[in-house]
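Asker: Just passing along the structure, written as structure tokens.
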Amino acid sequence: MLCVSLVTVAQTISDFSSREYDILFHEAMLQRQQRHHDAAFDLLMCCKELCPEASETYYFLAQYYSGMKQNDQALAAFEKAAELEPANATYMETLSDAYIMQKRYGDAVLVVKKLYEADKSREELLETLYHLYTGQEMYEEAIDVLDKLEQNNGKTERIALAKSRLYLQLGESDKSALEMKELMEQHPNDLNYKTLYANAMMINGQRDEAVKLLYQVLDEEPDNIRAQVALKGYYSSEEDSSAVMDMTRRILLNPRATTEDKVYQMRSLIALNEDSDGDSTQILNLFREMLNQPTPDPDIAELTAAYMDLKKMPRDSIAQALELVLRLAPERTTPRLQLVQYAWENDDNDSIISLCQAARQYNPEEMAFYYYQGMAYYRQDDTDHALEAFQNGISVINEDSSPEIVSDFYAVMGDLLFLKDRKREAFEAYDSCLQWKPDNIGCLNNYAYYLSLDGENLEQAELMSYKTIKAQPTNSTYLDTYAWILFMEGRYAEARIYIDQALQNDSAVGAVVTEHAGDIYALSGEMEGAITLWRQALEMDSQNKLLVRKLKKKKYFKK
């Protein structure tokens, strides 16, 4: 290896030439360029032994130490490089960065100050010093830095605001206000600077003068949002609720107020109103005024609906607000889903279908709309359109889709396909469902039951059905399925145990469960009990010809 051979030579020679070091260092840089980092590191270690005063060796070794997470050794190497060549700006900047990474801010300040003294044209170093000082709460030093920036660039809004905040941190509100006053005087026609000065005067205790200046601003520009917000804050501190409400109303109806301004003001007002058990009609009247403007804001309409829901207002009123949101912003998902939920609870399937059809234009990736639309068709016994909706929903599945929702989609598709006597496709849909969510209890039950009807894969059906009764041991539907599978396997005594539990856990079992119970009793040698159960089933399903035959012959018959 090159390093070993050179070190061997190095150990036998007492006086090294700079040419030998140059060759070794050049080879290290070549190895580094070729990404042979282990070899480069070894060569650099050799270089350090050959020439301990070579700053560049320490600089590159420091980078390797950093990559190996040996931070202390990296910092020591950066320090050595900067010590050997203090005029090298790259070394010094890298050292300051290393100090900052280790939160040694005081050391970083010393390095950055040296860099700035060496080259005062580099204003970014002053910015770095400013952040280092403020991070250590050295506010006076930070102000000194801002003074230097101001000397170079003149007074700017950014610097003046920063100095004003720092003076407040030092408890010198008079100097804070003075900064804003000088800025205002520098820009006498800019009303925003007058507002900033007024805010500073408020903090400095010059409240009457501040209010007077704010109203001067509003006289010149009635829609100045900053002045309105400042006055609202003043009246809040004075606990003048009437003036607060008046100023809030001006802000909310201000055409120059942003959506964020309006939403913030309304949320603050609602919180205050709730804390004081205030009259909600005030809030509602403000909402109505805002929504009656020439260009109502959909965010305000949505906030209106949320507030009405909070106050438990009639659903019809909330629905009107949600419908307004959709007229203003038809692409919004949340209000449409809420309307779908209302329609679902009201069994209004036509509205669900209409809402979801529109949603598929604006939100084609939202699976919930396909689900509700499919279920609405299902409740109308329109299995063709229901299946189409679910299949369309499946088409938007991606890696971020919710396993629960995807699983339910496949489960319902399986049910629909089975109703259409497309058993193979139904079972494929059930398999897909269980791949997404192996513990989908509804799917496990239906899949198991449908398998058992034809006596197919009864062992698989039993395993699936057993999971359902373990999860919900008192569910009569699941107990019935498990009992029926045991019956189909010829395990009549066990089936009797579970069908009895199904009957006990539901006083209103349907005709199918009752007929199953009769069948199980019959083949368990309990014909008298079977006849009683078959009669009960026939009362619920008078058109069941197979039941009539069982009762007439007093014998179990397969379908």
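The values are calculated or read from the model by the stated rules, or taken from the named source; none is laboratory data. Everything numeric in this text was worked out from a predicted model, so none of it was measured. Reconstructed Cβ throughout: ideal geometry from the backbone, glycine too, with neighbour counts over all protein chains shown. Remember, those area values only see protein heavy atoms, side chains included, never the ligands or the DNA or RNA. Shrake-Rupley method; radii C 1.70, N 1.55, O 1.52, S 1.80 Å.
Asker: Is there a residue in segment 102-120 that is open to solvent by less than 50 Å² (accessible area, probe 1.4 Å), assigned to a loop (DSSP other than H, G, I, E, B) and either at pLDDT below 95 or on the phi < 0 side of the Ramachandran plot (or both)?
Answerer: Scanning segment 102-120 turns up no residue that is open to solvent by less than 50 Å² (accessible area, probe 1.4 Å), assigned to a loop (DSSP other than H, G, I, E, B) and either at pLDDT below 95 or on the phi < 0 side of the Ramachandran plot (or both).
Asker: List the helices (runs of 4 or more DSSP H) inside segment 452-513, counting only whole elements, that have at least 3 residues being within 44 Å of the chain's Cα centre (by Cα).
Answerer: On the way: elements: 458-471, 476-488, 492-504.
Ranges flagged: 458-471, 476-488.
Asker: Where residues in segment 327-354 are within 23 Å of E404 (Cα to Cα) and of a type in the set (A, V, I, L, M, F, W, C), which of them is surrounded by the most Cβ atoms within 10 Å (Cβ to Cβ)?
Answerer: Going through the qualifying residues, I end up with I352.
Asker: So how many residues does segment 487-544 have that are closer than 18 Å to N475 by Cα, β-branched (V, I, T) and open to solvent by less than 30 Å² (accessible area, probe 1.4 Å)?
Answerer: Of the residues in that region, 4 qualify.
Asker: Determine, yes or no, whether A376 is closer than 30 Å to D421 by Cα, surrounded by 15 or more Cβ atoms within 10 Å (Cβ to Cβ), in contact with a Gly (Cβ under 6 Å, 6 or more places away or on another chain) and modelled with pLDDT of 90 or more.
Answerer: Numbers: closer than 30 Å to D421 by Cα: yes; surrounded by 15 or more Cβ atoms within 10 Å (Cβ to Cβ): yes; in contact with a Gly (Cβ under 6 Å, 6 or more places away or on another chain): no; modelled with pLDDT of 90 or more: yes.
Answer is no for this residue.
Asker: Please work out which one of (1) closer than 19 Å to L417 by Cβ; (2) open to solvent by 40 Å² or more (accessible area, probe 1.4 Å) is the condition Q357 fails and give its number.
Answerer: (1)
Asker: Does D431 fit the bill of being at pLDDT below 95 and either touching a strand residue (DSSP E or B) at 6+ places or on another chain (Cβ under 8 Å) or not hydrophobic (A, V, I, L, M, F, W, C) (or both)? Before you say what the answer is, go through the steps one by one.
Answerer: Numbers: at pLDDT below 95: no; either touching a strand residue (DSSP E or B) at 6+ places or on another chain (Cβ under 8 Å) or not hydrophobic (A, V, I, L, M, F, W, C) (or both): yes.
It is false that D431 is at pLDDT below 95 and either touching a strand residue (DSSP E or B) at 6+ places or on another chain (Cβ under 8 Å) or not hydrophobic (A, V, I, L, M, F, W, C) (or both).
Asker: Turning to a different aspect of this structure: Do we have S96 as over 42 Å from the mean Cα position of the chain (by Cα) and either under 20 Å from L146 (Cα atoms) or of a type in the set (S, T, N, Q) (or both) here?
Answerer: No.
Asker: Quick one: in segment 153-198, of everything that is open to solvent by 40 Å² or more (accessible area, probe 1.4 Å) and not in a helix (DSSP H, G or I), which residue is farthest from M138 (Cα to Cα)?
Answerer: Checking each candidate, the answer is N189.
Asker: Do any helices (runs of 4 or more DSSP H) entirely within segment 238-332 hold 3 or more residues that are under 25 Å from V211 (Cα atoms) and not acidic (D, E), and if so, which? It would help to see each step written out before you state the result.
Answerer: Details: elements: 241-252, 259-275, 280-291, 298-310, 315-328.
Because the criterion is at least 3 residues that are under 25 Å from V211 (Cα atoms) and not acidic (D, E), the helices (runs of 4 or more DSSP H) in segment 238-332 that meet it are 241-252, 259-275.
Asker: Another question, then. Do the conditions hold for L84, that is, is it farther than 27 Å from R165 by Cα, open to solvent by less than 40 Å² (accessible area, probe 1.4 Å) and not polar (S, T, N, Q)?
Answerer: Details: farther than 27 Å from R165 by Cα: yes; open to solvent by less than 40 Å² (accessible area, probe 1.4 Å): no; not polar (S, T, N, Q): yes.
In short, no.
Asker: Determine, yes or no, whether D400 is at positive phi and not in a helix (DSSP H, G or I). Quick ask: steps written out before the conclusion?
Answerer: Details: at positive phi: no; not in a helix (DSSP H, G or I): yes.
Against the criterion (at positive phi and not in a helix (DSSP H, G or I)), D400 does not qualify.
Asker: Okay, moving on. With the requirement that a residue be among the aliphatic types (A, V, I, L, M) and open to solvent by less than 30 Å² (accessible area, probe 1.4 Å), what does segment 40-68 give you?
Answerer: Just the residues of segment 40-68 that are among the aliphatic types (A, V, I, L, M), to begin with: 40, 43-45, 50, 54, 61-62, 68.
Scanning segment 40-68 gives A40, L43, L44, A54, L61, A62.
Asker: Something else: Is it the case, given these coordinates, that A386 is among the small types (G, A, S), over 25 Å from D299 (Cβ atoms) and either buried (at least 18 other Cβ atoms within 10 Å of the Cβ) or touching a Ser or Thr at 6+ places or on another chain (Cβ under 6 Å) (or both)? Full working, then the answer.
Answerer: Working: among the small types (G, A, S): yes; over 25 Å from D299 (Cβ atoms): yes; either buried (at least 18 other Cβ atoms within 10 Å of the Cβ) or touching a Ser or Thr at 6+ places or on another chain (Cβ under 6 Å) (or both): yes.
Yes.
Asker: Looking at A89, is it open to solvent by less than 30 Å² (accessible area, probe 1.4 Å) and within 29 Å of P52 (Cβ to Cβ)?
Answerer: On the way: open to solvent by less than 30 Å² (accessible area, probe 1.4 Å): no; within 29 Å of P52 (Cβ to Cβ): yes.
Against the criterion (open to solvent by less than 30 Å² (accessible area, probe 1.4 Å) and within 29 Å of P52 (Cβ to Cβ)), A89 does not qualify.
Asker: Select from segment 337-389 the residues that are part of a helix (DSSP H, G or I) and over 19 Å from F409 (Cβ atoms) and list them in ascending order. Talk me through it step by step, then tell me what you get.
Answerer: Here is the first cut: in segment 337-389, the residues part of a helix (DSSP H, G or I) are 337-345, 349-362, 367-379, 383-389.
Once the filter is applied, which keeps residues that are part of a helix (DSSP H, G or I) and over 19 Å from F409 (Cβ atoms), segment 337-389 yields Q338, L339, Y342, A343, E345, D350, S351, S354, A358, Q361, Y362.
Asker: Is it the case that Y556 is assigned to a loop (DSSP other than H, G, I, E, B), touching a helix residue (DSSP H, G or I) at 6+ places or on another chain (Cβ under 6 Å) and not basic (K, R)? I'd like the intermediate steps shown before the answer.
Answerer: Values: assigned to a loop (DSSP other than H, G, I, E, B): yes; touching a helix residue (DSSP H, G or I) at 6+ places or on another chain (Cβ under 6 Å): yes; not basic (K, R): yes.
So Y556 passes the test.
Asker: Same structure, new question: Does R288 count as open to solvent by 20 Å² or more (accessible area, probe 1.4 Å), closer than 17 Å to R327 by Cβ and at pLDDT 90 or above? I'd like the intermediate steps shown before the answer.
Answerer: On the way: open to solvent by 20 Å² or more (accessible area, probe 1.4 Å): yes; closer than 17 Å to R327 by Cβ: yes; at pLDDT 90 or above: yes.
Against the criterion (open to solvent by 20 Å² or more (accessible area, probe 1.4 Å), closer than 17 Å to R327 by Cβ and at pLDDT 90 or above), R288 qualifies.
Asker: Now a separate question. What number of residues within segment 151-175 are modelled with pLDDT of 90 or more, among the charged types (D, E, K, R), within 26 Å of E124 (Cβ to Cβ) and touching a helix residue (DSSP H, G or I) at 6+ places or on another chain (Cβ under 8 Å)?
Answerer: Result for segment 151-175: 2.
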